[in-house]
Amino acid sequence: IAKDKRSSELIHPVLGGEDIRRYHFRDSERWLIFTRRGVDIQKYPAIREHLEQWRDDLTPKKGKATKSGRKPGNYEWYEIQDDVAYYEVFSRPKLIFPDIAKGPRFCLDNEGRYLTNTAYCLGVDDLYLLGLLNSRLF
């Protein structure tokens, strides 16, 4: 972002399940470059330059015999490999929770955090539901 302010459009704070606690989350100080399908990487030269160092590993494999690269598919080397049609939910207020927990650990995220594969979200900001999910009943 310091090299190119426009990069902030694609760089988002990210949380994993281990960061989510009951009614709050610990800031992980981790960030995600989210280049969804259709992004014009030429508009983000600093991100393109940063990702270039892993281009071989990010390029979709042409077949099973290829050793480096991601799963085969019709996507550019800098794009995420799967279509994430629900990505806009991450930018809105939502209830977040870890995939594994010993007790209720639901939290309201008003800050637009993205989530790793160890956390999930409900695309609502219902405080009543938050209280219910964190209650002893659950």
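The values are calculated or read from the model by the stated rules, or taken from the named source; none is laboratory data. Because the structure is a prediction, the values reported are computed rather than measured. FYI the Cβ positions are ideal-geometry reconstructions off the backbone, even for glycines, and counts take in every protein chain you see. Note: areas computed on protein heavy atoms with side chains; ligands, DNA, RNA excluded. Shrake-Rupley method; radii C 1.70, N 1.55, O 1.52, S 1.80 Å.
In table form, for the structure just shown:
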item	result
Rh (Kirkwood; distinct C-alpha pairs) - the chain, Å	16.8 Å
Portion, in percent, of the accessible area of the chain that falls on carbon or sulfur, probe 1.4 Å	52 percent
Ranking by accessible area, most exposed first, for 88, 29 with a 1.4 Å probe	29, 88
Cα→Cβ-extended label distance, 7 Å offset, between residue 64 and residue 125, nm	4.9 nm
The chain: most fluctuating residue of 86, 114, 75 per GNM, C-alpha cutoff 10 Å	86
Accessible area in square angstrom per residue, the chain, 1.4 angstrom probe	66 Å²
Accessible surface ranking that places the most exposed of 1, 20 first, with a 1.4 angstrom probe	1, 20
Max mean-square fluctuation residue, GNM over the chain, Cα-Cα springs under 10 Å, options 102, 71, 61	102
Computed label-point distance, nm, for sites residue 110 and residue 92 using a 7 Å Cα→Cβ extension	1.7 nm
